[in-house]
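Structure, as structure tokens:
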Amino acid sequence: MPTSARFRPITVEHLVTELADRIAGIAAHRVRTRVLIDGADLATDAAALADALVDPLRVRGHDVLRVSADDFLRPASLRFERGRRDPDVRYEDWLDVAGLRREVLDPLEESGTGHVLPALWDAARDRAFRLPRTSVPDGGVAVLDGELLLGQGLPAELTVHLWLSPGALRRRLPEDARWALPAYTRYDTEVRPSEQADVVVRVDDPRRPAVRES
């Protein structure tokens, strides 16, 4: 994060409203719209922010498909091939990027079919979900939450990154999850998500977020 970056304090409610307004403005000019909410697992709550956008977007006239990157992880045999706590594998290989593109994001291109598979792999049971495909109608919005999403070539009309200072990230991660810290360090160094994202929200204190000003 550049030291010159300035952040505007905002309530969680106003953050949701601002994001919903911005997404609706994009969706008004597209067949379908894809939104990525990116934040470190267990240290931020990207899923809660994504969930909070559903009803406001529907009120604004848009059907919403909620998708979680956790439902597009690779099988355990691949994720844990080098052990359960390898930060490099978590950074490089946990997410089935090709599957997420193929089943969700690419069909939502302007010329796509709009028919998506909302979940692919049940990581808890380590087996395929086997769900039916669903159709995202014209004007629809797909809201995807997950971690380490940027820099993967995932197409989106709006990207939101939940940023934590290094100290806050360490504090917010449960102790048994801190083995993943090198993965987040690589992400910040190699991808620079705070520079790539369309919207950056500082969440050192999740009750008092702040939005980076342009």
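Among beta bridges identified by DSSP and lying wholly in the chain, the antiparallel ones come to about 30 percent.
A straight chain from Arg171 to Asp21 at 0.36 nm per residue would run longer than the Cα-Cα distance by 50.8 nm.
For the range 86-178, the convex hull drawn through the C-alpha positions has a volume of 128 cubic angstrom per residue. Ligands, DNA and RNA excluded, the heavy atoms of Phe7 present near 50 Å² of accessible surface to a 1.4 Å solvent probe.
Note on surface exposure: Val31, Val200 rank Val31, Val200 by accessible area, highest first, 1.4 Å probe. Loop-located trypsin sites (Lys or Arg not before Pro) across the range 101-161 with a Cβ neighbour count of 13 or fewer within 10 Å are Arg125, Arg130, Arg133, with loop assigned by DSSP. Kirkwood hydrodynamic radius computed over the range 1-123 comes to 16.6 Å, based on all pairs of distinct alpha carbons. For the range 67-102 versus the range 110-164, the spacing of their alpha-carbon centroids is 15 Å. Extension gain, Ser214 to Arg178, is 9.8 nm, computed as 0.36 nm per intervening residue step minus the present C-alpha separation. Comparing Leu131, Leu117, Leu144 in a Gaussian network model of the chain (Cα springs below 10 Å), the most mobile by mean-square fluctuation is Leu131.
Only sites in a loop by DSSP and with at most 10 other Cβ atoms within 10 Å count here; which GluC sites (Glu not before Pro) in the range 70-135 make the cut?
Those satisfying the criteria are Glu110.
Model label sites at Arg8 and Phe80, defined 7 Å from Cα along the beta-carbon direction, differ in position by 4.6 nm. Calculated mean residue ellipticity at 222 nm for the chain: -7500 deg cm²/dmol, from DSSP H runs with n ≥ 4 weighted as -39500 (n - 2.57), summed, divided by the residue count and rounded to 500.
Per residue, how much accessible surface does the chain expose to a 1.4 Å probe? Answer in Å², no decimals.
Working: 10740 Å² over 214 residues.
Here the per-residue accessible area is 50 Å².
In loop segments of the range 169-214 as defined by DSSP, the GluC sites (Glu not before Pro) with at most 12 further C-beta atoms inside 10 Å of their C-beta are Glu213. Global dimensions of the chain from alpha-carbon coordinates: Rg and Dmax equal 16.9, 48 Å.
Ordered from highest to lowest accessible area with the whole protein assembly present and a 1.4 Å probe, His14, His62 read as His14, His62.
The values are calculated or read from the model by the stated rules, or taken from the named source; none is laboratory data. Because the structure is a prediction, the values reported are computed rather than measured. A quick note on method: Cβ atoms are made from the backbone with ideal geometry, for glycine too, and the neighbour counts reach across all protein chains shown. The protein model used for the area step is the full one, side chains on, heavy atoms only, and it has no ligands, DNA or RNA in it. Shrake-Rupley method; radii C 1.70, N 1.55, O 1.52, S 1.80 Å.
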